[in-house]
Amino acid sequence: MQAAAASAAAPQSAAALAAEPQASPTTASLTEASRAFAPPAAGSPVAQPTSASPAAAPPATAALAARFDPRALIAAYLLLATTILLQHSWAGLAVAAAVSLAVLIPLRAQIRPWMKAIRAYVIMTAVIAIISGVHFSPFSFDWEAALQTIQRFSGLLLVMMLGLPLMGLVTPLRVQRSLEQTFGWLSRFNVPVMSIALTVTLIFRFIPLLAGEWERYVKIAHARGKVTTAVGSLPFRMLLPAMVPYIRSLLRMAEQMADALEARGIGHPLAKPTQGLRLKFSREDIGIVITAAAAAIILFLIR
């Protein structure tokens, strides 16, 4: 009976397909472009990309993240970033660059994924400096204005480069624990410390997830031969078809996250959360804070 039903349904399906109106060229092109970003089937060889997602931290980065207390890293970053932004001379900026270089050399593996962004920032700084130095009445170039622009943007570049490794050295769970342990006493005054800590944790968690999901769709398009550009990039004409499945994937991730939070009792008035991880300051953490404070004092004195 199943074989007879299948044979009877086959002509009807063929007739339905034959009677279907032909799509316009614009609709067909958008449909074809959208198929480049549709997630492959379960049995497809590209369903699981072989390369690791940016959300997955390398083993070395994970070891460093478990080694240091996030409070020590954030405190050291705030001290250095504040004093670097106070520099108004080339001498102070040179000392700040030397301090930043001493910090970033051991963390070069964590900086390497952000080299494109750093290169783009340097190019943008050069363009803005040229524009700020050009005068049209009369036509001339003001080197002082250009160098002043470079000086301001160089300080921001150092602060940005010092903050980029924190994305890998500070895990979302450890950030949440550090906030809860540091500001937990404010809950006695009805301050929603747990909710704020959870919000910050989700923000830290979703930034690499969003980047990894977009990279997945780009790889799918390249694997199916729909794009001939460099790996990791898409032409402008395919951005619109890519956004539809990308947004659907983000909505699915948000729904799964909401179900997980509800299943764990987050937000329940009678919930009593348990903490399986307690952060403690070690000698290395104290040394990081003391070293950053000493460097900040030097930068503050020569500003």
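The values are calculated or read from the model by the stated rules, or taken from the named source; none is laboratory data. Since this is a predicted model, take the numbers as computed values, not measurements. Every residue, glycine as well, gets a Cβ built from its backbone with ideal geometry; the counts of neighbours run over all protein chains shown. Side chains are part of the model used for accessible areas, which takes the heavy atoms of the whole protein and leaves out ligands, DNA and RNA. Shrake-Rupley method; radii C 1.70, N 1.55, O 1.52, S 1.80 Å.
Work out the P(r) tail for region 123-235: percent of alpha carbon pairs separated by more than 24 Å, whole number. Intermediate results must be reported in sequence, preceding the final value.
Working: 3869 of 6328 pairs.
That tail contains 61 percent of the Cα-Cα pairs.
Proximity of backbone amide H atoms, modeled 1.01 Å from N, is registered between Val134 and Asp142 at under 5 Å, excluding neighbours fewer than 5 places apart on the same chain.
Taking label positions 7 Å along the Cα-Cβ direction at both Ile297 and Leu251, the computed distance is 5.7 nm, reported to one decimal. How much length is gained if the chain between Phe189 and Ala91 is pulled fully straight, taking 0.36 nm per residue apart and subtracting their Cα-Cα distance, in nm to one decimal? Full extension of this stretch gives 30.6 nm more. Working from label points 7 Å from Cα in the Cα-to-Cβ sense, the Arg67 to Arg264 distance is 2.7 nm. Counting only protein chain heavy atoms and rolling a 1.4 Å probe, the accessible areas of Leu147, Leu101, Leu299 rank, largest first, as Leu101, Leu147, Leu299. Along the Cα-to-Cβ line of Lys116, 7 Å from the Cα, sits a label point; which residues in region 159-188 have backbone N less than 17 Å from it? Answer for this model: none.
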